[in-house]
Amino acid sequence: MIEFKNVAKYYDGQSVLRNINLKIEKGELVYITGHSGAGKSTFLKLIYAAEMPEEGEITIGDFHFPTMKEREIPELRRSVGIVFQDFKLKNDLTVFENVALPLQIRGMPEKEVKSTVHEALRKVHLRHKVDAFPKTLSGGEQQRVVIARAVVANPLVVLADEPTGNLDEEIAQDIMAIFRDIHLQGTTVVIATHFQDMFRRSGRRVIRLDAGNIIGEEVG
Amino acid sequence: MMRIPYPMHVALQSIWREKWINLLTIFAVAASLLMVTLMYFALFNLDRFAGKLPERFSIAAYLKDGITPQETDELIARVKKQEYVAEVKFISREQALADLKKAIADIGSVLDGMQENPLSSSLEIRLKQEYVSASSVKKIAAELKSLPGVDSIYEGEKIAETIAHVKHSVMVAGIALFSILSFGVVFVIYSSVKNLFYRKRDDIEILKLLGATAWFIRWPFLMEGGVIGLFGGVFGLLGAYACFFLLTTQLSAELPILRLLEFPHAIVVALPLIGLAFGIFGAIVAIGRIRFS
């Protein structure tokens with residue numbers, strides 16, 4: 001599903017990721033953890049091609065760096081659902097319209113869009129906020145909209161970058177429960193977080209990063 | 001709920017939200033297209049008048065005094081043989097005087113005291129249409145003047161020359177103005193879309209991350225550019241029609257020739273389409289290549 005072979009990434013000559021070798025199988029739920037600046041976000045960005053590796057090879061399903069062409073990037077991103085740390089919601093669109101975007105990008109007919117969006121919003125318990133604008137929602141609600149948008153098109157893999165970063169404990173638990181549900185439906189989920197509580201006693205793979213290196217792997 | 005496709009939704013939303021800026025842009029485009037249209041309007045009518053000229057254009061060859069009827073017949077036969085001649089009409093001195101009297105009937109009494117007919121007989125030579133141009137008329141006039149029995153020629157070459165000159169000048173000015181204003185129209189739309197593109201860069205980034213193709217991102221901007229151009233064309237057309245109406249109704253009382261003006265109906269469809277094409281082109285240039293990495 002996802003494979004990194006000797007991957008290295010540099011910013012301005014400074015190494016951010018070094019010699020990363022990793023394989024994530026289809027249907028796994030994997031946590032990437034480490035302190036701020038450990039390279040977690042960069043690791044995720046390499047998966048959805050927001051960054052390109054300077055060294056090594058990356059395989060995401062049928063896509064393969066460095067042979068992949070720039071014009072294939074949209075197709076790769078359509079097979080990945082991303083939960084951004086800063087949400088990246090379009091504030092001029094309603095909750096429904098934000099969640100519908102990935103489907104419209106895929107050219108889904110409007111009738112199907114409606115039922116699919118409602119189903120995705122039901123999963124994150126936000127059907128009652130369908131016509132609300134993001135700015136009127138709480139942080140937890142916005143995060144759930146982002147999750148609904150990430151899963152609405154049934155991607156092969158869902159990536160989440162610090163999904164509970166700005167949320168209080170109770171809401172964070174709700175969000176984690178949603179990710180577990182998504183994983184139970186067979187989707188590969190990769191979550192980058194520095195909160196230990198998120199994966200403690202989860203029984204899932206936890207990969208530890210420090211200063212751009214994988215320093216350990218355990219079961220949470 | 002979203003009922004219209006995303007690109008149209010975004011384009012309409014943006015047009016409405018930025019309505020005043022968009023309206024100003026539309027007027028700027030309309031003003032530019034109006035100037036181009038007025039130039040075309042002038043050229044169109046001048047061309048129409050010039051097109052009718054060959055039907056009426058003729059050269060007058062005044063004959064020498066004392067030319068005999070036999071010499072006149074020989075001259076007519078010789079002129080008729082020329083490839084550029086469509087028709088030859090002989091006007092005798094007497095007929096010329098009668099025509100003159102008829103033409104100046106109101107002041108005809110000035111001719112009453114005249115003892116002798118001062119006019120010459122002449123040949124009115126109508127040319128074939130393809131020979132009615134300033135250069136060929138000049139050449140034909142010289143040729144006719146060299147014929148025996150011909151005293152002088154009134155070739156009307158100046159008229160043909162002036163019309164050709166004005167037509168050429170208007171065409172050159174029209175092409176120059178069209179090029180400059182076309183660039184202006186594209187630039188106005190380019191600036192408008194570029195500005196919008198810059199303000200929406202965060203939204204565009206989100207779309208890219210969600211897997212949107214370059215065309216999915218481009219469509220709303222092309223639609224917006226197209227709508228601005230299209231309405232610019234429509235307003236330009238309305239302006240051109242208002243000018244035509246003013247010229248043919250209000251001003252024609254003082255300058256009756258203006259009544260002969262004709263509105264080039266082809267621009268009713270062409271101008272909005274030209275505006276649309278410029279709008280889309282301006283937007284394409286403004287967006288440029290969309291990069292994903």
The strands (runs of 3 or more DSSP E) lying entirely within the stretch A:119-220 that contain at least 1 residues which are of a type in the set (Lys, Arg) are A:205-210
Would you mention how many residues in the stretch A:18-57 are outside any loop (DSSP other than H, G, I, E, B) and touching a strand residue (DSSP E or B) at 6+ places or on another chain (Cβ under 8 Å)?
22
Checking residue A:111 against (1) surrounded by fewer than 21 Cβ atoms within 10 Å (Cβ to Cβ); (2) part of a helix (DSSP H, G or I); (3) at the interface with another protein chain (Cβ under 9 Å from one of its Cβ atoms), which single condition isn't satisfied?
(3)
Checking the conditions here, which among B:212, B:240 is at pLDDT 90 or above and in a helix (DSSP H, G or I)?
B:240
Could you identify the single residue in B:205, B:143 that is in the same structural domain as residue B:275 (by TED's automatic domain parsing), of a type in the set (Asp, Glu) and more than 25 Å from residue B:48 (Cα to Cα)?
B:205
A careful count of residues in the stretch A:93-107 that are farther than 20 Å from residue A:157 by Cβ and more than 7 Å from chain B (Cβ to nearest Cβ) gives 5
So which pairs qualify, if the first residue must be in the stretch B:277-293 and under 11 Å from residue B:221 (Cα atoms), the second must be of a type in the set (Asp, Glu), the Cβ gap must be under 8 Å, and the two must be at least 6 apart or on different chains?
B:283/B:224
Subset of the stretch B:163-195 that is of a type in the set (Ser, Thr, Tyr) and surrounded by fewer than 18 Cβ atoms within 10 Å (Cβ to Cβ) - its residue that is nearest to residue B:34 (Cα to Cα)
B:182
Examine the stretch A:87-100 for a residue that is within 18 Å of the chain's Cα centre (by Cα), surrounded by 14 or more Cβ atoms within 10 Å (Cβ to Cβ) and basic (Lys, Arg), and state whether such a residue exists.
yes
Criterion violated by residue B:65 - all others in (1) surrounded by 10 or more Cβ atoms within 10 Å (Cβ to Cβ); (2) modelled with pLDDT of 85 or more satisfied
(1)
I need the full set of residues from the stretch A:134-153 which are away from chain B (no Cβ under 13 Å) and of a type outside the set (A, V, I, L, M), in order please.
A:135, A:136, A:138, A:139, A:140, A:141, A:142, A:143, A:144
Any residue that is within 22 Å of residue B:209 (Cα to Cα), at pLDDT 90 or above, in contact with a helix residue (DSSP H, G or I) (Cβ under 6 Å, 6 or more places away or on another chain) and small (Gly, Ala, Ser) - is there at least one of those in the stretch A:153-162?
yes
Over 29 Å from residue A:141 (Cβ atoms), of a type in the set (A, V, I, L, M) and either within 18 Å of the chain's Cα centre (by Cα) or away from chain B (no Cβ under 14 Å) (or both): does that describe residue A:50?
no
Per the filter on the stretch B:170-191, residues small (Gly, Ala, Ser) and either under 23 Å from the mean Cα position of the chain (by Cα) or not in a helix (DSSP H, G or I) (or both) are B:173, B:174, B:176, B:179, B:182, B:184
Just a yes or no: is a residue in the stretch A:66-76 modelled with pLDDT under 95, more than 27 Å from residue A:106 (Cβ to Cβ) and more than 17 Å from the chain's Cα centre (by Cα)?
no
Taking the options A:111, A:69, A:88, name whichever one is farther than 30 Å from residue A:13 by Cα and basic (Lys, Arg).
A:111
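Residue-wise test of (1) in contact with a Gly (Cβ under 7 Å, 6 or more places away or on another chain); (2) of a type in the set (D, E, K, R).
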position: B:253; (1), (2): no, no
position: B:267; (1), (2): no, no
position: B:272; (1), (2): yes, no
position: B:282; (1), (2): yes, no
position: B:289; (1), (2): no, yes
position: B:292; (1), (2): no, no
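The values are calculated or read from the model by the stated rules, or taken from the named source; none is laboratory data. Owing to the predicted nature of the structure, the values given are computational and were not obtained by experimental measurement. FYI the Cβ positions are ideal-geometry reconstructions off the backbone, even for glycines, and counts take in every protein chain you see.
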